[in-house]
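> Take this structure, written in structure tokens, and hold onto it; I'll ask about it next.
The values are calculated or read from the model by the stated rules, or taken from the named source; none is laboratory data. Please read these numbers as outputs of a predicted model, since none were measured by experiment. Using ideal geometry, Cβ is built from the backbone for each residue, glycine included, and neighbour counts are taken over all protein chains shown. Side chains included, ligands, DNA and RNA excluded: accessible areas come from the protein's heavy atoms. Shrake-Rupley method; radii C 1.70, N 1.55, O 1.52, S 1.80 Å.
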Amino acid sequence: MAQAVGNNTGKKLIRIDVSSDTVCPWCFVGKRNLDKAMASSKDQYDFEIKWHPYMLNPSAPKKGVNKEEFYRSKFGQQSEQIMARMTEVFRGLGLEYDTSGLTGNTLDSHRLIYFAGEQGLDKQHNLVEELCLGYFTQGKYIGDREFLVECARKVGVEGAAEFLENPSNGLEEVKDEIEKYSGSITAVPYYVINGKSKISGGQPPEIFLKVFQTAASGGA
């Protein structure tokens, strides 16, 4: 759903800054639940959503590594339990959690999300959806240039291939956003609503709705 709207409707405007990483499954869960909350309260509020980068593993290889092997090396014996839990959570959203394929450095995806935001926050929001669908449910690699460009094409972002070709494009902007929005946090997803209310984790829709109500009334 498009998430950049003008506040000329008489409805309260809810601004949401989201810090997330594109390989964080709970970030996608949180996005889907946020979307549900927004859809069920669109008659009360207008929304403006901005996505900001966070890198769970800044030193991850750009080439990519086997996703399942990475999980096993990172979480050890807990990896099977974690993957089973995520499979259950994703099925609750009507999605199949796919651990096939590669994982790795997410910098290019964050550069692209920044670039999409320059063309419209609705495109940025929709791009995050496409990236997450591909990575978490279709075995796509988040660092694959063709996958990134295809996601951009699907949501109407123009010039993505040319933008990503130069590794300097968007680099400073991503670094600045990490410092500004994510420098003081230790986990994602992380949400700041109307600059005051702060919540983290893949919260259910009803939690978002409560925070919207508080933010709309001017509370923290």
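> I need the full set of residues from the range 177-195 which are surrounded by 13 or more Cβ atoms within 10 Å (Cβ to Cβ) and among the charged types (D, E, K, R), in order please.
Passing the criteria: only Glu177.
> Name the single residue that is farthest from Asp98 (Cα to Cα) among those in the range 125-143 being open to solvent by 10 Å² or more (accessible area, probe 1.4 Å) and assigned to a helix (DSSP H, G or I). Please lay out each step first, then the result.
Narrowing the range 125-143 to residues open to solvent by 10 Å² or more (accessible area, probe 1.4 Å): 126, 129-130, 133, 137-141, 143.
If we keep only those that are assigned to a helix (DSSP H, G or I) too, we end up with 126, 129-130, 133, 137.
Values: Asn126: 20, Glu129: 15, Glu130: 15, Leu133: 10, Thr137: 5 Å.
Among those that are open to solvent by 10 Å² or more (accessible area, probe 1.4 Å) and assigned to a helix (DSSP H, G or I), it is Asn126.
> Does the range 177-220 hold any residues that are polar (S, T, N, Q) and closer than 17 Å to Leu34 by Cβ, and which are they?
Answer for the range 177-220, where residues must be polar (S, T, N, Q) and closer than 17 Å to Leu34 by Cβ: Asn194, Ser197, Ser200, Gln203, Gln213, Thr214.
> I need a count of the residues in the range 101-124 that are in a helix (DSSP H, G or I) and either without any contact (Cβ under 8 Å) to a residue 60 or more places away in the chain or not hydrophobic (A, V, I, L, M, F, W, C) (or both). Show your work before the answer.
Looking only at the range 101-124, we keep the residues that are in a helix (DSSP H, G or I), and these are 107-119, 121-124.
The next check asks that each one be either without any contact (Cβ under 8 Å) to a residue 60 or more places away in the chain or not hydrophobic (A, V, I, L, M, F, W, C) (or both); those that pass are 108-112, 114-119, 122-124.
So the answer is 14.
> Please specify each residue of the range 36-46 satisfying the condition of being open to solvent by 10 Å² or more (accessible area, probe 1.4 Å), of a type outside the set (Lys, Arg) and touching a helix residue (DSSP H, G or I) at 6+ places or on another chain (Cβ under 8 Å).
Within the range 36-46, Ser40, Gln44, Tyr45 qualify.
> Here is a follow-up. Would you mind stating whether Val174 is over 16 Å from Lys36 (Cα atoms) and in contact with a helix residue (DSSP H, G or I) (Cβ under 7 Å, 6 or more places away or on another chain)? Walk me through it before giving the result.
Values: over 16 Å from Lys36 (Cα atoms): yes; in contact with a helix residue (DSSP H, G or I) (Cβ under 7 Å, 6 or more places away or on another chain): yes.
Considered against the rule, which asks whether it is over 16 Å from Lys36 (Cα atoms) and in contact with a helix residue (DSSP H, G or I) (Cβ under 7 Å, 6 or more places away or on another chain), Val174 comes out as yes.
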